[in-house]
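One structure is given below, encoded as structure tokens.
What follows draws every value from the coordinates through simple rules; no lab data is involved. Just so it is clear, the model here is predicted, and its values are computed rather than measured. Methodologically, a virtual Cβ is constructed for each residue, glycine included, from the backbone with ideal geometry; neighbour enumeration extends over all protein chains shown.
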Amino acid sequence: MLQILTCKSVSKTYPNGLEALKEVSFDVRRGEIHAIVGENGAGKSTLMNILFGMIKPSSGEITFKDKPFSPKHPSEAIDLGMGMVHQHFKLVQSITVAENVVLGMENRFQNKLRKIDMAEVNRSVASLIEKLKMSISPEDRIEGLPISKRQQVEILKVLYRDTDFVILDEPTAVLAPNEVDDFLEFVMGIREMGKTVVFISHRLGEVFAIADRITILRRGRVAGTFEKKEVDRESVANMMIGSAIDLSEHPEDSLKSDVVLSVEEICDVSGTLKDLSFELHEGEILGFAGVGGNGQEELFEALAGNLKLSSGDIKLRGSSLKDHDTFGRRMAGLAYITDDRMKKGLAPDRSIIDNSIAGHHKFGKFGKVAINNSKARAFAESIIADYDVRTSKNGKTTVSALSGGNMQKLLVGREIAFEPKVLLAAQPTTGVDVAARKLIHDSFRKLSKAGSGIVLISGDLEEIMDLANRIIVLYRGRAVAELSYPHYDSTEISYYMTGIRGSQDVHCSNAQP
């Protein structure tokens, strides 16, 4: 099979001295699904950004379609038939599928009066939709589509531009478990059309479901490229990390009966949460599953004090938190891992030290008047060491210089360091590799064994089933199912998540471990 892309000794060193890529060599064959896997900070994003013309390599050669390839801008890569679907959607919500697809190319459909012929736009987009066997209409508005269909629109935008080389960056991160299989089948359909797909994912189960070959990056170098049949999940994980790792996980069996947090028939002012009740026990990890937009975000914000309640109450060890703001709740014993580390969890332009002590400094841990710099530095260094936060310099490095996974580890380490009575964790392992995921999971288990309760909100059902002692399913702001370990069934949970099963509220406030 002929190669469509070849990289030879590609390296990238940033001005701050960070070597993101070191002599990377690999090839991608025409018409294959080629997975790129690696730890956070292994160089995957840097490599993809080089291929798509967003970053210039320091050295090395790239050949694309048998010609030297060094795009200075993504538009050059697009003109040559390369497309990239980013993890975060770039769709205009208020317009239609067809309008999003042709955005920037509207002049192709102008009539003699220089008015856009929308009927022709819709016909043109409908032709490709039919070819791809998508169950969407050109006239659907983006704001009315579920996440899985929006993901397809992003790919439709890429393929509409005569793309035959598609880069998919963590494409399933936003999908519900029951939507993932359909999406993977869709990706294999793209391959059947003769397209080439580069598939980036931290979920090795997905990689092994669809990839033809797998390239493993470790610390900026290629650890190997393999036919799928030559390796298994464990061996790939071990090569990513450079040491053996046990991927097996299951919730702890022993729980305490004392209630640490009680939520009593809460409704929020946005109208999303509807009479939600549950209890969290000491040492328990309570997971909340649901398709995005069904109340998980509102639950986190209500518990954290950022979203007001219209009725109901939240109590920590019997004391109401309703009148406490976010900091007041932190003082009472709550800690927060937010779902958006860049906007709500960290200050990207401040140093690692500043971000590590944020919140802690108000407890007088580093001095009652002025910050004791040596104590602050030592505290930050302990988080860096305990959570394997990889930084090119020291604690004075700005957080924006870290990879996404290392930012997440820093955030998790800081919040657990509060030794909270209750940890609120929303999407705690988004965008992290298998080693970081296990490290974060182990830190949650250690915290729960010390007696803390954990509210786990995640779009990754496998993560919830690995960690949670109980699972509550949210659908349209209501609790529609409750399951206890070991009585978990992913198919059943998916049915509740999508409303196929369960229309009545489930009252969870008296559940016992």
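Here the ratio of the Cα radius of gyration of the stretch 427-486 to 2.2 N^0.38 Å is 1.18. Here is the link list: K322/K375; K149/K308; K72/K343; K315/K409; K396/K446; K195/K229. Which ones come out longer than 26 Å on Cα distance? In this structure, K322/K375; K149/K308; K72/K343; K315/K409; K396/K446 exceed 26 Å between Cα atoms. When only Cα pairs below 8 angstrom with a gap of at least 6 residues are kept, the chain shows a relative contact order of 17 percent.
Count charges around I200 for me, please; just the other residues with Cβ under 9 Å from its Cβ, Lys/Arg as +1, Asp/Glu as -1. Display every interim value, and only then the final one.
Details: positive: K44; negative: D169, E170.
Local net charge: -1.
Here the Karplus relation 6.51 cos²θ - 1.76 cosθ + 1.60, evaluated at θ = phi - 60°, turns the backbone of the stretch 190-205 into coupling constants of 4, 4, 5, 7, x, 7, 9, 10, 9, 10, 9, 7, 8, 8, 5, x Hz, with x for every Gly and Pro.
The Kirkwood hydrodynamic radius of the chain, based on inverse pair distances between different Cα atoms, is 24.6 Å. Computed from Cα atoms, the angle from the helix 118-132 axis to the main principal axis of the chain rounds to 80 degrees. Per residue, the convex hull around the alpha carbon atoms of the stretch 259-497 comes to 118 Å³.
Counting only DSSP beta bridges with both residues in the stretch 3-241, the antiparallel share comes to about 55 percent. Of the peptides 468-475, 345-352, the order by per-residue mean of other Cβ atoms within 10 Å, starting with the highest, comes out as 468-475, 345-352.
Size descriptors for the stretch 3-241: radius of gyration and Dmax over Cα atoms are 18.6, 62 Å. Summary of the geometry: the stretch 118-181 and the stretch 49-95, compared by the centres of their Cα atoms, lie 20 Å apart. Each Cα pair under 8 Å and six or more residues apart adds its sequence gap; the mean of these over the residue count of the stretch 3-241 is a relative contact order of 28 percent. Per-peptide packing, taken as the mean over residues of other Cβ atoms within 10 Å, places 201-213, 7-19 in the sequence 201-213, 7-19 from highest down. The relative contact order of the stretch 10-87, computed from alpha carbon pairs under 8 Å that lie at least 6 residues apart in sequence, is 28 percent.
Distance from the alpha carbon centroid of the stretch 182-224 to that of the stretch 402-430 works out to 28 angstrom.
Taking the longest Cα principal axis of the chain as reference, the axis of helix 434-449 is set at about 10 degrees. Rounded to the nearest 10 degrees, the inclination of helix 373-386 to the longest alpha-carbon principal axis of the chain is 70 degrees. Would you mind telling me the antiparallel percentage of the DSSP bridges in the chain, rounded to 5? The antiparallel proportion sits near 55 percent. A simple rule links phi to the HN-Hα coupling: the Karplus curve 6.51 cos²θ - 1.76 cosθ + 1.60 with θ = phi - 60°, which for the stretch 318-328 gives x, 9, 5, 9, 4, 9, 8, 7, 4, 5, x Hz, with x for Gly and Pro. Taking amide H as placed 1.01 Å from N in the peptide plane, the amide H of Y475 sits under 5 Å from that of V480, each at least 5 places away or on another chain. Where both bridge residues fall in the stretch 259-497, DSSP classifies roughly 55% of the beta bridges as antiparallel.
Mean residue ellipticity at 222 nm from the helices of the chain, using -39,500 (n - 2.57) per DSSP H segment of n ≥ 4 over the full residue count, to the nearest 500 deg cm²/dmol? Present the calculation step by step, with values, prior to reporting the outcome.
Details: 16 runs with 160 residues, N = 513.
Mean residue ellipticity at 222 nm (helix-derived): -9000 deg cm²/dmol.
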